[in-house]
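Take a look at the structure set out below.
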Amino acid sequence: MAANYTAAKFLGSWTPAAVTLPASPNYTVGSGATYKTVQSAVNAAIAAGGSTRKYILVNPGTYNEVVFVASGVPITLYGTGAATDVKIQQKTNSPMTGSQYKALVPSANYTGAGKTWVDGCAAKGSSIVGTTCSSAFVIQNAGFQMKNVTVTNTYSEDNANSGGADQAVAVYTAADQVTLDNVRLIGNQDTLWVSGTNKRVYVKNSYIAGDVDFIFGNATAVFDGCEVYYVTGRKSSSAMAAPSTESSVTYGFLFSGGTFTSDGSLSGTIYFARQWPQSSLSSPVGKMIIRGATLGKHIVSTAPWKDWSSSQKANYGTASVPYLGEHLNSGVGAAK
């Protein structure tokens, strides 16, 4: 059965190519470069159009902005050193009002679909913006690649009154064939949202941190050799992922190799996932397989899948078609 749950099976006709970096970029971002913000370089690349991939080099530094990568020419956004050298961050969050969003995210910095997105969030006025508008980095660009970059939603760290209990997305993908290679995605609740039925995302050798449903959505996503880090301090028991895969879609999330880690202060209290009954979908069931990974002691080793609620119990599928499962994992948190 395990032969049917590999990266190749999950990604189907798409075999992600290695993210190769050019001798020289098409656009360069940095204090001494032509483009001072990541968004301005993205705007220029999308406006240039065509079908040939555009490369955006981001020099080391911290960029406090919401980035929106619209559909169009495929883009590779990259740094040339450690992922920690390039930090893109913002503190957008679900409970902020549209007026607060407007003050934080200047509409004039965006064009086309990006401007429409930002204006739509700001137009909520005195109402809260919600989870989608909480995204710090939005990807609607098919074939998008990101390498050697850190993206953080700093909401919980910046707002002492929030307790970090609210949705604050670091990266939201809504495109097919997205590759994230050696990236660091950091947040608390809802760090990485992979959205779109039959959309595919490949995450390689990356680090994803959070504490509540921090990898979630209905896209098909492969996490290859990644570190999934549970952030302690706020919640001593939680679920890390929240897949909402539709029943008609064969594959949801695959974690192949890699590690599930934490700071060592918790033992047997953290669940792999709870299946999100996403109301906008026709028949979400949520599917997730973990194989060949090393699991820390924070994982609930005897029953690691959590009910969404008392009326939404964990759905394991069938013996021949499992929705949730483990295979050949190791470490203290592996299945007992």
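The values are calculated or read from the model by the stated rules, or taken from the named source; none is laboratory data. What you see is a predicted model; the values in this text were computed from it and never measured. Positions of Cβ are backbone-derived with ideal geometry, glycine not excepted, and every protein chain shown enters the neighbour counts.
Which condition from (1) in a loop (DSSP other than H, G, I, E, B); (2) among the aromatic types (Phe, Trp, Tyr); (3) touching a Ser or Thr at 6+ places or on another chain (Cβ under 7 Å) is the one that Trp14 breaks?
Among (1) in a loop (DSSP other than H, G, I, E, B); (2) among the aromatic types (Phe, Trp, Tyr); (3) touching a Ser or Thr at 6+ places or on another chain (Cβ under 7 Å), Trp14 violates only (3).
Given the options Thr80, Thr62, Thr116, Thr84, name the one that is of a type outside the set (Lys, Arg), free of Cβ contacts under 8 Å to residues at least 24 places away in the same chain and surrounded by fewer than 17 Cβ atoms within 10 Å (Cβ to Cβ). Quick ask: steps written out before the conclusion?
Working: Thr80 fails: free of Cβ contacts under 8 Å to residues at least 24 places away in the same chain; Thr62 fails: free of Cβ contacts under 8 Å to residues at least 24 places away in the same chain; Thr84 fails: free of Cβ contacts under 8 Å to residues at least 24 places away in the same chain.
Unique residue meeting the criteria: Thr116.
Condition first: surrounded by 17 or more Cβ atoms within 10 Å (Cβ to Cβ) and of a type in the set (A, V, I, L, M, F, W, C). Now tell me which residues in the range 295-313 satisfy that.
Residues satisfying the conditions are Leu295, Ile299, Val300, Trp305, Trp308.
Would you check which residues across the range 48-84 are under 27 Å from Asp119 (Cα atoms), of a type in the set (A, V, I, L, M) and more than 18 Å from the chain's Cα centre (by Cα) and list them?
Ala48, Ile56, Val58, Val73 - these are the residues of the range 48-84 that are under 27 Å from Asp119 (Cα atoms), of a type in the set (A, V, I, L, M) and more than 18 Å from the chain's Cα centre (by Cα).
When you check Lys91 against the structure, is it touching a helix residue (DSSP H, G or I) at 6+ places or on another chain (Cβ under 6 Å), basic (Lys, Arg) and touching a residue at least 12 places away in the same chain (Cβ under 8 Å), yes or no? Spell out how you get there, then give the answer.
Working: touching a helix residue (DSSP H, G or I) at 6+ places or on another chain (Cβ under 6 Å): yes; basic (Lys, Arg): yes; touching a residue at least 12 places away in the same chain (Cβ under 8 Å): yes.
Against the criterion (touching a helix residue (DSSP H, G or I) at 6+ places or on another chain (Cβ under 6 Å), basic (Lys, Arg) and touching a residue at least 12 places away in the same chain (Cβ under 8 Å)), Lys91 qualifies.
Considering Val42, Val19, which residue is touching a strand residue (DSSP E or B) at 6+ places or on another chain (Cβ under 7 Å), closer than 12 Å to Ile75 by Cβ and buried (at least 20 other Cβ atoms within 10 Å of the Cβ)?
On the way: Val19 fails: buried (at least 20 other Cβ atoms within 10 Å of the Cβ).
Going through Val42, Val19 in turn, the sole match is Val42.
When you look at Ser135, is it within 18 Å of Val118 (Cα to Cα), part of a loop (DSSP other than H, G, I, E, B), in contact (Cβ under 8 Å) with a residue 24 or more places away in the chain and of a type outside the set (D, E, K, R), yes or no? Break it down into steps so the answer makes sense when it comes.
Working: within 18 Å of Val118 (Cα to Cα): yes; part of a loop (DSSP other than H, G, I, E, B): yes; in contact (Cβ under 8 Å) with a residue 24 or more places away in the chain: yes; of a type outside the set (D, E, K, R): yes.
So Ser135 passes the test.
Where in the range 138-191 are there strands (runs of 3 or more DSSP E), lying fully within it, with 1 or more residues that are of a type in the set (S, T, N, Q) and either in contact (Cβ under 8 Å) with a residue 60 or more places away in the chain or in contact with a helix residue (DSSP H, G or I) (Cβ under 6 Å, 6 or more places away or on another chain) (or both)?
Ranges flagged: 145-147, 150-153, 178-181.
What residue, of Thr294, Thr302, is over 23 Å from Leu192 (Cβ atoms) and either among the basic types (Lys, Arg) or assigned by TED's automatic domain parsing to the domain that holds Ser237 (or both)? Can you show your working first?
Working: Thr294 fails: over 23 Å from Leu192 (Cβ atoms).
Among Thr294, Thr302, only Thr302 is over 23 Å from Leu192 (Cβ atoms) and either among the basic types (Lys, Arg) or assigned by TED's automatic domain parsing to the domain that holds Ser237 (or both).
Would you call Ala273 in a strand (DSSP E or B), out of contact with any Cys (no Cβ under 7 Å at 6 or more places or on another chain), within 25 Å of Gly12 (Cβ to Cβ) and among the aliphatic types (A, V, I, L, M)?
When the stated conditions are applied, Ala273 passes them.
Given the range 193-269, what strands (runs of 3 or more DSSP E) lie entirely inside it while holding 1 or more residues that are small (Gly, Ala, Ser), crowded, with 18+ Cβ neighbours inside 10 Å and touching a helix residue (DSSP H, G or I) at 6+ places or on another chain (Cβ under 9 Å)?
The qualifying strands (runs of 3 or more DSSP E) are 220-224, 253-256.
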